[in-house]
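Undergrad: Got a structure here, written out as structure tokens. Questions coming.
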Amino acid sequence: MESNPSTMQEQSPSCLEITMEVHSVVPPPHKSTIQKLKTRLKETLFPDDPFSQFKGQPTKKKWVLAAQYIFPILHWGPKYNLKLFKSDIVSGVTIASLAIPQGISYAKLASLPPIVGLYSSFVPPLVYAVLGSSRDIAVGPVSIASLILGSMLTQQVSPTGDPVLFLQLAFTATFFAGLFQASLGFLSRLGFIIDFLSKATLIGFMAGAAIIVSLQQLKSLLGITHFTKKMGFIPVMTSVFHNSQEWSWQTILMGFSFLVFLLVARHVSMRRPKLFWVSAAAPLVCVILSTFLVFAFKAQHHGFSV
């Protein structure tokens, strides 16, 4: 079969023709400065646009959506199953192994009874399970807040001289702090202000808080009874060496032994990721083991600071 070149040349231009359509573009509607400001505030304060789900819904449906928005448990609760429950058991035990000793130590930082720290590690997660919307957050006390609370209240009331009044003032202070924080989140979602803080500022604050909290642990680690109420580096170290006669070698030995145990457990978990549970369970093991040793050998009668 032969093809005619002239015929192909005649047909090729028609094959390359492309049909083009012209569409008119409508310019965006004009917005006033107030409208632009409203849009910007809406994007800043309500980025998830919670009110869009209520548009075009019947009244009954709006009430249901409002209840689910305020209490997220009403949204995911009916979909809960056994598989999720097993995962929650594992995560709950893992967090509890750290939250229990953490709550006790933070209560001591605030000069409060240890039982208060245990309640602070249990009640907030229980409330957050009903009101919270995140699956990846642990709720509980904060070290620097506990330290500041104890330092502030001890300037007015002695935790040993009048423990009842000290406890009442602590409850009052935490109540108003929570009320103020809840109002910021409920009324205007002012949490976005933290975005304006530089990373260096946040890192510096966290590093400073870690140093202050670590220095405050010297009181319990060395067994010192009369310790400074200030949080600065120089007052703390001055108090440590001026009260060297109160140092308890028994307390120091037990404290450093468990500290080495914690560091070894962390090192093992870092070297072998499959053994992550060793580092996670180490703090709770320290609390259980030390409590057992103190109870079995009546350590408080042998120079140990409990």
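Undergrad: In terms of Cα to Cα distance under 18 Å, which lysines are near enough to Lys42, apart from those fewer than 8 places away along the same chain?
TA: Output for Lys42: Lys31, Lys55.
Undergrad: Another question about this same structure. Can you pull the one-decimal nm distance between simple spin-label points at Val294 and Asp88, each 7 Å off the Cα toward Cβ?
TA: 3.3
Undergrad: Report the chymotrypsin sites (Phe, Trp or Tyr not before Pro) located in the range 32-105 that are in a DSSP loop and have at most 12 other Cβ atoms inside 10 Å of their Cβ, or state none.
TA: When the chymotrypsin sites (Phe, Trp or Tyr not before Pro) of the range 32-105 are filtered for loop state and at most 12 Cβ neighbours within 10 Å, Phe51, Tyr80 remain.
Undergrad: Given a Förster distance of 45 Å, report the FRET efficiency between Val264 and Tyr128 from their Cβ-Cβ distance, rounded to the nearest 0.05.
TA: Numbers: r = 33 Å, r/R0 = 0.74.
Efficiency for this residue pair is about 0.85.
Undergrad: Right, here's the next one. Report the charge-dipole magnitude of the chain in Debye, nearest 20, computed about the Cα centre from +1 at each Lys and Arg Cβ and -1 at each Asp and Glu Cβ.
TA: On the way: 24 positive and 12 negative charges, 178 e Å.
Dipole of the chain, to the nearest 20 debye: 860 debye.
Undergrad: Setting aside same-chain residues fewer than 8 positions from Lys229, which lysines have a Cα under 20 Å from its Cα?
TA: In chain and number order, the partners are Lys108, Lys219.
Undergrad: Taking the Cα atoms only, what angle lies between the long axis of helix 163-183 and the longest principal axis of the chain, rounded to 10 degrees?
TA: Result, in degrees: 10.
Undergrad: In degrees between 0 and 90, to the nearest 10, how far off the longest principal axis of the chain does helix 276-297 point, with axes built from Cα atoms?
TA: Once rounded, the angle reads 20 degrees.
Undergrad: So what are the chain's ellipsoid semi-axes, whole angstrom, largest first, if each one is the square root of 5 times an eigenvalue of the alpha-carbon gyration tensor?
TA: On the way: eigenvalues 689, 165, 105 Å².
Result for the chain: semi-axes of 59, 29, 23 Å.
Undergrad: Here's something else I'd like to know. Over the range 81-196, how many percent of alpha carbon pairs lie in each 10 Å bin up to the one with the longest distance?
TA: 12, 37, 31, 17, 3, 0
Undergrad: Output the 0 to 90 degree angle, nearest 10, between the alpha-carbon long axis of helix 143-154 and the longest principal axis computed from the alpha carbons of the chain.
TA: 40
Undergrad: Going from the alpha-carbon gyration tensor of the range 153-306, what semi-axes, largest first and in whole Å, does one get by taking the root of 5 times each eigenvalue?
TA: 32, 26, 18
Quick note: the coordinates plus some simple rules give every number you see, no bench work behind them. Please read all numbers here as calculations on a predicted model, not as lab measurements. Here Cβ is always computed from backbone atoms with ideal geometry, including for glycine, and neighbour counts include all displayed protein chains.
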